[in-house]
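Data first, discussion second: the structure below is written as structure tokens.
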């Protein structure tokens, strides 16, 4: 059989791949548990893993061994050990500066001292992978692929090893992922045109962001509600996932404000307050979160972090990171800090009752939009 490494942040697609591989092994239903072994970072040991791999299949063609998070655990352990060895080596060099150098002792004791140290658990696993019996299929499930320069990173590039990466889909890719998922959940009862409309897909995508498990759960709920023969529509998303509409409108409102589009921002604010259950206090809190997100992206971008890393650290869609990064660059850090401080002050003003909530949020939106225009003009002058 083959050793599979399934890695990447799209855990839903990863689990689908695990099920497909196990199904392809054709284990008899009565003996599936007997022929399946599972390990995680706490239960894995080299001996137990080897025993599971080398056990003979029981009334089946093969055995299946599934390891979750084992590679990451071993790699982290090896990294910590390397750090300790480096520190010990530096300390030994310092302490040996004043010592007399002696010749190594000859004989059996000297030979034993010169013997190579025992393998690390990471190296032991890397060396054992090619020796796994053909009657066993091993599946490693990881959030990230091991670093290529490490022992396991090299081992998974050898013949007989299959690596599949499952990144978070973005943009059109995310919408295709949702349509495919809806089609699978709808099954034979899906309408010919698809189980979810394009408008409903876009609305739901704006809500779930990078949370693929939430996306899968929402799609299953929506498909079940729509029933056989009917596609999920935008009104279904608004009915069953009321946060979607509010989240999308908050995103549009924050975009309009930070782009300096005062009229569009005022329109979006009115729609948000009139057509949803969000209170002004919640809108201000959401605006503050959006501005904080821009500050975080700007800071990581200044540190030289690529969009993919920023998306992973902040749990954002990569396409959203690009939009936020460009907008934050147009505004500049000082303007973003000012906008963030003003939302805090407005929030305090509401809580102390100095102004009516509706008036406070309307004045805030006008002020922030005007400040954004000034900041973009100033940034353009500096660059020019």
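The values are calculated or read from the model by the stated rules, or taken from the named source; none is laboratory data. As the structure is a prediction and not an experimental result, all values here were calculated from the model. A quick note on method: Cβ atoms are made from the backbone with ideal geometry, for glycine too, and the neighbour counts reach across all protein chains shown.
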Fill in: residue 55 surrounded by 15 or more Cβ atoms within 10 Å (Cβ to Cβ), more than 31 Å from the chain's Cα centre (by Cα) and at pLDDT below 95
yes
Worksheet item: Restricting attention to region 134-147, does a residue exist that is out of contact with any helix residue (DSSP H, G or I) (no Cβ under 7 Å at 6 or more places or on another chain), at pLDDT 90 or above, under 30 Å from residue 234 (Cα atoms) and outside any strand (DSSP E or B)?
Response: no
Discussion item. Can you tell me how many residues within region 19-37 are within 33 Å of the chain's Cα centre (by Cα) and surrounded by 15 or more Cβ atoms within 10 Å (Cβ to Cβ)?
Written reply: 7
Discussion item. Is it the case, given these coordinates, that residue 320 is over 18 Å from residue 371 (Cβ atoms), at pLDDT below 80 and part of a helix (DSSP H, G or I)?
Written reply: yes
Worksheet entry | Checking residue 220 against (1) more than 25 Å from the chain's Cα centre (by Cα); (2) at pLDDT 90 or above, the condition it does not meet | (1)
Worksheet item: Does residue 136 fit the bill of being assigned by TED's automatic domain parsing to the domain that holds residue 60, touching a strand residue (DSSP E or B) at 6+ places or on another chain (Cβ under 8 Å) and in contact (Cβ under 8 Å) with a residue 12 or more places away in the chain?
Response: yes
Worksheet item: Right, residue 75: within 31 Å of the chain's Cα centre (by Cα) and modelled with pLDDT under 90 or not?
Response: yes
Practice prompt. Sort out which residues of region 158-182 are in contact with a strand residue (DSSP E or B) (Cβ under 8 Å, 6 or more places away or on another chain) and outside any strand (DSSP E or B), and write them in order of number.
Written response: 160, 166, 178, 179, 182
Worksheet entry | Residue count for region 33-53, restricted to those that are assigned to a helix (DSSP H, G or I) and touching a helix residue (DSSP H, G or I) at 6+ places or on another chain (Cβ under 9 Å) | 4
Worksheet item: Hey, among the residues in region 154-168 that are surrounded by 18 or more Cβ atoms within 10 Å (Cβ to Cβ) and modelled with pLDDT of 85 or more, which one's farthest from residue 73 (Cα to Cα)?
Response: 166
Response to the item:
Of the residues in region 54-70, those that are within 18 Å of residue 3 (Cα to Cα) and not in a helix (DSSP H, G or I) come to 55, 56, 57, 61, 62, 63, 64, 65, 66, 67, 68, 69
Fill in: Top-ranked residue of region 195-210 - restricted to ones that are in contact with a strand residue (DSSP E or B) (Cβ under 9 Å, 6 or more places away or on another chain) and outside any helix (DSSP H, G or I), ranked as farthest from residue 310 (Cα to Cα)
195
Item to complete: Looking for whichever is at pLDDT 85 or above and under 22 Å from residue 211 (Cβ atoms) here; the options are 329, 289. Which one fits?
Response: 289
Worksheet entry | Failed item in (1) modelled with pLDDT of 90 or more; (2) over 28 Å from residue 38 (Cα atoms); (3) assigned to a loop (DSSP other than H, G, I, E, B), with residue 186 passing the rest | (3)
Worksheet item: part of a helix (DSSP H, G or I) and farther than 14 Å from residue 12 by Cβ: does that describe residue 213?
Response: no
